[in-house]
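Reading through the structure tokens given below for one structure.
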Amino acid sequence: MSTPRPTVVSTPPATFDLGHFVGGREVPGTSGRRGKVHDPATGTLRGEVAFADTHETQAAIAAAEAALPAWSATPPLQRARVLFRFKALVEQHADELARLITVEHGKVFSDARGEVTRGMEVVEFACGIPQLLKGEFSESVGTGVDSWSQRQPVGVCAGITPFNFPAMVPMWMFPVAIACGNTFVLKPSEKDPSCPMRLAQLLQEAGLPDGVFNVINGDREAVDTLLTDPRVGAVSFVGSTPVAEYIYRTASTHGKRVQALGGAKNHMVVMPDADTANAANALLGAAYGSAGERCMAISVAVAVGDAADPLVEALQRQLAELKVGSGLDEGVEMGPLVTREHLERVSGYVDLGVQEGANLVVDGRGLRIRGHEGGYFIGPCLFDAVEPTMRIYREEIFGPVLCVVRVPDLATALALVNDHEFGNGTAIFTASGEAARTFSQGVQAGMVGVNVPIPVPMAFHSFGGWKRSLFGALHVHGPDGVRFYTRLKTVTSRWPTSRRESAQFVMPTMK
């Protein structure tokens, strides 16, 4: 079989050889190791990306360390002004960024455009950093003694981000980090690296000093260097739970603060009093948007009592009309999966669900799109009569596969959600305020939606799950983001009137 010639869909360049962004400029890779980047809609090669070795990653850390003293001493208002200019540039180039996402990740253009917008909202939040860094002051905590708190930068911070949101997830991290006075090294996914590199260029154009933001492309060698290098003070990660646990354990062992967001199996409980059409529409977008490659995708519908049959029937009807194709084509609602390997993995889970005895109501395997026969497509899949013991229920599939579990009542539904190892997000659809309150108060998950299928918080709140969906104490962006990227210092000050004082050998107390 001959290797396909490199092509491009709707955005230049036709081929590329992507290196790294270090010290304010693009630098070529020198390790000799590279990865291939494909267009998921066609399977054609777009270009190659360099994989950094330990030496190259250390060079990026050194650049961030060299830039730290001047940047951390820059007044917060001036740091905010750089982010204001960056925000304007992201808005100006939003369509370009979205196209880069679509042709490397596969999600439809409108979804990619929404991803850029949600990332930019964190930039807008970070622009308020002068207010966010204000400490607290207590006058006269003792005679002639004042006390106050202040937040100071952690130092060099690292972000390790996944393929499914190449713009949004990095922008959940670095705007807050650099606004707080830190410098940053980003290690994005090697599957869709062009958008993060473009963001680095836009930051430089906005006036960010050299070395404050750096991008290292690569694999585990680069990651392990970031986790173990003593110059890195904090690590942020989003990805699967096994990797999140490894990131947390390794970086913590090396003295770093860590926020590591892991996997999910998000449930949506549908009560008998819920509007079936609304619930089905919500599930359609939440389960199959971005081909299910979202950590907040709904992958389990918990149908309570009489809600089950009408819900499954409505989903089956609507899935027959779902438009699958290239994310750049008009009217397409779901694009391909990110790689051929991931397509095989998701298809394997569908095979497994059939073997386990679940009822495959809608089978999307073997889908071929005319003109895109080499693309990594699978149609929407819907399982009914799924049992909690099945692997398709227990494990994160990360594809367009929705499992329907039938339960008799709300108490059973709540216990089902709480018994799962993951606790990222969840939702309930109901007309009952009592049911909504009981569920919201009792569910063990970090983010809860009431008649909202994907309850991703706005940028001025914080994002994160519970249980094995999060390793670390602090969530991402919002107030927790500021806390994570700063260290709290409390100063107690007294200016004595007498030059000489007697020694004190007892625990100091305020008088």
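Results, tabulated for the structure shown:
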item: Whole-Å distance, taken between Cα centres, linking segment 397-416 and segment 273-291; result: 14 Å
item: FRET E, pair Glu139, Ala73, Förster distance 22 Å, beta-carbon r, rounded to 0.05; result: 0.20
item: Residue-by-residue Karplus 3J(HN,Hα) for segment 258-274, coefficients 6.51, -1.76, 1.60, Hz, glycine and proline x; result: 9, 10, 10, 8, x, x, 8, 9, 7, 9, 10, 8, 10, 7, x, 8, 6
item: Burial ranking of peptide ranges 473-480, 317-324 (average Cβ count within 10 Å, highest at the top); result: 473-480, 317-324
item: Karplus (6.51, -1.76, 1.60) ³J(HN,Hα), θ = phi - 60°, over segment 146-151, in Hz, Gly and Pro reported as x; result: 10, 9, 8, 10, 8, 10
item: Long-range tail of P(r) for segment 372-511 (Cα pairs > 26 Å, %); result: 50 percent
item: Across Lys191/Lys265; Lys87/Lys265; Lys107/Lys191, pairs whose alpha-carbon gap is larger than 25 Å; result: Lys87/Lys265
item: Label point distance in nm, Gln441-Arg365, each placed 7 Å from Cα along Cα→Cβ; result: 4.6 nm
item: Relative contact order %, segment 371-507, counting alpha carbon pairs below 8 Å whose residues are six or more apart; result: 16 percent
item: Cα centroid separation - segment 434-511 against segment 188-255, whole Å; result: 24 Å
item: For Gly449, distant residues with modelled amide H under 5 Å away; result: Thr426, Ala427, Ile428
item: Inter-part distance where segment 74-96 and segment 155-177 are each reduced to a Cα centre, Å; result: 16 Å
item: Sulfur and carbon atoms: percent of accessible area, segment 63-187 [1.4 Å]; result: 53 percent
item: Amide H within-cut-off set for Ser299, under 5 Å, with H built and near neighbours excluded; result: Asn266
item: The chain: relative contact order in percent, alpha carbon pairs under 8 Å with at least 6 residues between; result: 17 percent
item: Charge context of Gln204, other residues only, Cβ under 14 angstrom, K/R +1, D/E -1; result: 0
item: Mean accessible surface per residue for segment 266-404, computed with a 1.4 Å probe while every protein chain stays in place, in Å²; result: 38 Å²
item: Coil-residue trypsin sites (Lys or Arg not before Pro) of segment 406-497, DSSP, other Cβ within 10 Å capped at 13; result: none
item: Protein accessible area in segment 196-293, 1.4 Å probe - carbon and sulfur %; result: 51 percent
item: All-pairs alpha carbon distance profile, segment 34-81, 10 Å steps from 0, percent; result: 21, 24, 21, 25, 9
item: Portion, in percent, of the accessible area of segment 375-433 that falls on carbon or sulfur, probe 1.4 Å; result: 55 percent
item: Span per principal axis, largest first, for the Cα atoms of segment 306-439 (Å); result: 51, 30, 26
item: Surface accessible to a 1.4 Å probe, per residue, for the residues of segment 76-205, Å²; result: 32 Å²
item: Cα-based reach from Lys467 at 20 Å (exclusive), listing aspartates and glutamates while leaving out same-chain residues under 8 positions away; result: Glu245, Glu395, Glu396, Asp419, Glu421, Asp480
item: Straight-distance crosslink candidates among lysines, where the alpha carbon sits under 26 Å from Lys489 and sequence neighbours closer than 8 are dropped; result: Lys134, Lys256, Lys511
item: Equivalent ellipsoid semi-axes, the chain, via Cα gyration tensor eigenvalues times 5, rooted, Å; result: 42, 31, 19
item: Proportion of all alpha-carbon pairs of segment 191-339 beyond 18 Å (%); result: 71 percent
item: Solvent exposure, largest accessible area first (probe 1.4 Å, DNA, RNA and ligands not counted), of Lys134, Lys191, Lys107; result: Lys134, Lys191, Lys107
item: In order through segment 301-318: 3J(HN,Hα) via Karplus (6.51 cos²θ - 1.76 cosθ + 1.60), integer Hz, x for Gly, Pro; result: 9, 9, 8, 9, x, 6, 6, 5, 4, x, 5, 5, 5, 5, 5, 4, 5, 6
item: For segment 201-276, alpha-carbon Rg and Dmax in angstrom; result: 18.6, 58
item: Positive minus negative residues near Leu360 (Lys, Arg vs Asp, Glu; Cβ under 11 Å); result: -3
item: Cα pair distances exceeding 20 angstrom across segment 56-182, given as percent; result: 55 percent
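The values are calculated or read from the model by the stated rules, or taken from the named source; none is laboratory data. All values derive from a computational prediction rather than experimental measurement. Positions of Cβ are generated from backbone atoms using ideal geometry, with glycine treated the same way; all protein chains shown enter the neighbour counts. Quick note on the areas: whole protein, heavy atoms, side chains included, nothing else; ligands and nucleic acids left out. Shrake-Rupley method; radii C 1.70, N 1.55, O 1.52, S 1.80 Å.
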